[in-house]
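The values are calculated or read from the model by the stated rules, or taken from the named source; none is laboratory data. Note that the structure is a prediction, hence the values are computed from the model and not measured. Reconstructed Cβ throughout: ideal geometry from the backbone, glycine too, with neighbour counts over all protein chains shown. Ligands, DNA and RNA are stripped out before the accessible areas are found, and what is left, the full protein with its side chains, is counted by its heavy atoms. Shrake-Rupley method; radii C 1.70, N 1.55, O 1.52, S 1.80 Å.
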Amino acid sequence: MEQKEDKLKEVISHAKEYGFVFPSSEIYDGLAATYDYGQLGSELKNNIKSYWWKSMVQMHENIVGIDSAIFMHPTTWKASGHVDAFNDPLIDNKDSKKRYRADVLLEEHMEKIRLKIEKEVEKGVKRFGDDFDEHQFRATNPNVLRNAEKIKEIEDRMRTALETNDLEGVYQLIMDCEIVCPISGSRNWTEVRQFNLMFSTELGSVAGDASTIYLRPETAQGIFVNFLNVQKSGRMKIPFGIAQIGKAFRNEIVARQFIFRMREFEQMEMQFFCRPGEEMKWYEYWKDTRSKWHKALGLGDKQYRFHDHIKLAHYANAACDIEFNFPMGFKELEGIHSRTDFDLKQHEQFSGKKLQYFDPELNQNYVPFVVETSVGLDRMFLAVLSASHKNEVLEDGSERTVLSIPPALAPYKVAIMPLTKKDGLPEKAREIIDGLKFDFLCQYDEKDSIGKRYRRQDAIGTPFSVTVDHETLENNTVTVRDRDTMEQVRVNIADLHRMIDEKVSMRTLLV
Ligand code: GAP
């Protein structure tokens, strides 16, 4: 656990030192759970957005993108159910005065029991070696079975209590599981209460209920209310999708773990409209497609796992998360939800306007069903940054910190470095940049030794470093160093563009 916390701390301090992420309004000691993206962070963020947008919109003929307003008519949130049901159950520890999400305390408790099962399996592997039959072991080992039964019982009680809004039942479950506060170590808990997560503000200068509006807690509703506008103006035929990237706001009870859980964050969401009855087919399709999108980044297939929701949101008939192995352990990165026709029907009812589609093949009008994919941009950022951050000991015993960011996402694609500041080398370096800068973000660096400059580029994840030396002036060749292998090759300047493009193009990811 300590090691994991250390890893997160290291990533946070690296992000700050090199201009990826700063605490917001730091000169005023910051604002809780709010962060600013710096000069390199914004580049990385833009590249992640571009990867998502290209994969969703550019690669799918039947998906288009929009950019809707953050403020929406307040009835939107009544219709969507957020005013009444967008709550988290919270509980306070009376000794530490710390506040927790009751469901998260229970999830973490179950995760601990799951770890016990995995340890038991590991012991089995050690004991039986090649003869180990994991499937049989899991099905018969008494310790594994007892713990699996415990998890199931907690899951069942938690689901029932949350679904029926039985907050006393949630409290009792926390007590029965003997869950203690991680800070005080005590079981001195308050009762469980519901807490609405939406931020509200006043529209115009008149205060009062009529002018209360909300900062959107998800971008999805901007898509739903535009469903017919897009369908008609874009002549879209079902099945089709509408994608959007934008800010969302939630007054999170427990906002911590850096940019993992913030009160202002960004979502990349896509609502896929399909025929009623076909939603499970598309749910499976999008689970598979989104999983491939993540894995194409090469951060390691084992870093991801699916987690089915125990408590379905008020709008869903099936839902799962793609979890990522963050420095804090496996946590939700993306949600995939089969939202039925709930949202469109609610908006029909509250607005009095029909939100239906005429299906020419079926010769029938209906309210489409929706499968949603929703990934947090900031969580993607943290996944890429934390999985890429490595401390390496090199063959000669020296050390380096490298960000092995997937090249297509790296902020700078290439650094151009004149060996010295004289003899026309800087001018030659700038000439090379002039030939590359229309397609790639380049950095010019002439300060310090070449070795130090390489280390700097490693630390910010630049895939290529190009050195311009005296030989360059004679035969137009340069030395190109690869960030990951650290190998150096001599390359003709005329071949540089192709070489960089092959490595950093989004094409390498868009499978
Ligand atoms: N429209 C569906 C929806 O909003 P969600 O599971 O509540 O579903 C989707 O959120 C994704 O948004 C999450 O998987 C996560 O990546 C991101 N997200 C949610 N709350 C967040 C927060 N407080 N800070 C950062 N990212 C968040």
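Could you work out [θ]222 nm for the chain from helices alone, using -39500 (n - 2.57) per DSSP H run of at least four and dividing by all its residues? Round to the nearest 500 deg cm²/dmol.
-12000 deg cm²/dmol
Once the principal axes of the Cα atoms of the chain are found, what is the range along each, listed largest first in whole angstroms?
Per principal axis, max minus min of the Cα coordinates gives 78, 64, 55 Å.
Leaving ligands and nucleic acids out of the surface, order His73, His314 by accessible area at 1.4 Å, largest first.
His73, His314
What does the extension gain come out to for Ser449 and Ala85, with contour length at 0.36 nm per residue minus their alpha carbon separation?
Value of the extension gain: 125.1 nm.
On the first, second and third principal axes, largest extent first, how far apart are the outermost C-alpha atoms of region 1-117 in Å?
52, 44, 42
So what is the relative contact order for the chain, in percent, with contacts set as C-alpha pairs under 8 Å and at least six apart?
14
Could you work out how far the C-alpha centroid of region 256-324 sits from that of region 332-371, in angstrom?
19
Could you please tell me the mean projected area of the C-alpha convex hull for region 347-431, averaged over all directions and given in square nanometres to one decimal?
So the mean shadow area of the Cα hull is 14.0 nm².
How do the peptides 30-43, 356-369 rank, highest first, by the average count of neighbouring beta carbon atoms within 10 Å per residue?
Ranking, from highest mean packing down: 30-43, 356-369.
Please calculate how many Å² of accessible area region 339-449 carries per residue, with a 1.4 Å probe and no DNA, RNA or ligand atoms counted.
45
Heavy atoms only, probe 1.4 Å: what % of the accessible area of the chain goes to carbon and sulfur, would you let me know?
Looking at the chain in its full context, I get 49 percent from C and S.
Starting from the amide H of Asp36, placed 1.01 Å from N in the peptide plane, find each other amide H under 5 Å away whose residue is 5 or more places distant or on another chain.
Close amide H contacts, sequence-distant or interchain: Phe22, Ser24.
Using modelled backbone amide H atoms (1.01 Å from N, in-plane), which distant-in-sequence or interchain residues come within less than 5 Å of Glu266's amide H?
Long-range HN contacts for Glu266: Ala248, Leu377, Asp378.
How large is the accessible surface per residue of region 50-169, computed with a 1.4 Å probe and reported in Å² as a whole number?
With all protein chains present, region 50-169 gives 59 Å² per residue.
What is the packing order of peptides 394-401, 96-103, taking the mean over residues of other C-beta atoms within 10 Å and listing the highest first?
Highest mean packing first, the order is 96-103, 394-401.
Taking a cut-off of 28 Å between Cα atoms, list the lysines near Lys150, but don't count ones fewer than 8 places away on the same chain.
Lys4, Lys94, Lys98, Lys112, Lys116, Lys119, Lys123, Lys126, Lys302, Lys311, Lys331
Which cross-chain or sequence-distant (5 or more) residues have an amide H under 5 Å from the amide H of Ile416, H modelled 1.01 Å from N in plane?
The answer is Gln443, Tyr444, Asp445, Val466.
Region 447-494: which GluC sites (Glu not before Pro) are DSSP loop and have at most 12 other beta-carbon atoms within 10 angstrom?
Passing both the DSSP loop test and the Cβ count: Glu487.
Give the angle, between 0 and 90 degrees and rounded to the nearest 10, that separates the Cα long axis of helix 102-128 from the longest principal axis of the Cα atoms of the chain.
Between the helix axis and the principal axis of the chain, the angle is about 60 degrees.
How large is ³J(HN,Hα) for each residue in region 160-176, as worked out from phi by the Karplus curve 6.51 cos²θ - 1.76 cosθ + 1.60 (θ = phi - 60°), to whole Hz, x for Gly and Pro?
Calculated HN-Hα couplings, in order: 4, 5, 5, 5, 9, 6, 8, 5, 5, x, 5, 4, 4, 5, 4, 5, 5 Hz.
In whole Hz, with x marking every Gly and Pro, tabulate ³J(HN,Hα) for region 15-27 from phi via Karplus 6.51 cos²θ - 1.76 cosθ + 1.60, θ = phi - 60°.
Residue by residue, region 15-27 yields 4, 6, 4, 9, x, 8, 9, 10, x, 6, 6, 4, 5 Hz.
What are the ³J(HN,Hα) couplings of region 292-300, residue after residue, when phi is run through the Karplus curve with 6.51, -1.76, 1.60 and θ = phi - 60°? Round to Hz, x for glycine and proline.
Calculated HN-Hα couplings, in order: 5, 4, 5, 5, 4, 6, x, 7, x Hz.
Could you order peptides 111-119, 123-131 by the average number of other Cβ atoms within 10 Å of their residues, highest first?
Peptide ranking by packing, descending: 111-119, 123-131.
For region 219-255 and region 472-511, compute the distance between their C-alpha centroids and round to whole Å.
Distance between centres, Cα-based: 40 Å.
Can you check how the C-alpha radius of gyration of region 415-468 compares to 2.2 N^0.38 Å, as a plain ratio?
Output field value: 1.06.
So how many Å³ per residue does the convex hull of the Cα atoms of region 101-173 work out to?
79
Given +1 on the Cβ of Lys and Arg, -1 on the Cβ of Asp and Glu, and no further charges, what dipole in debye does region 428-473 carry about its Cα centre, rounded to the nearest 20?
Using Cβ point charges on Lys, Arg, Asp and Glu, region 428-473 gives about 220 debye.
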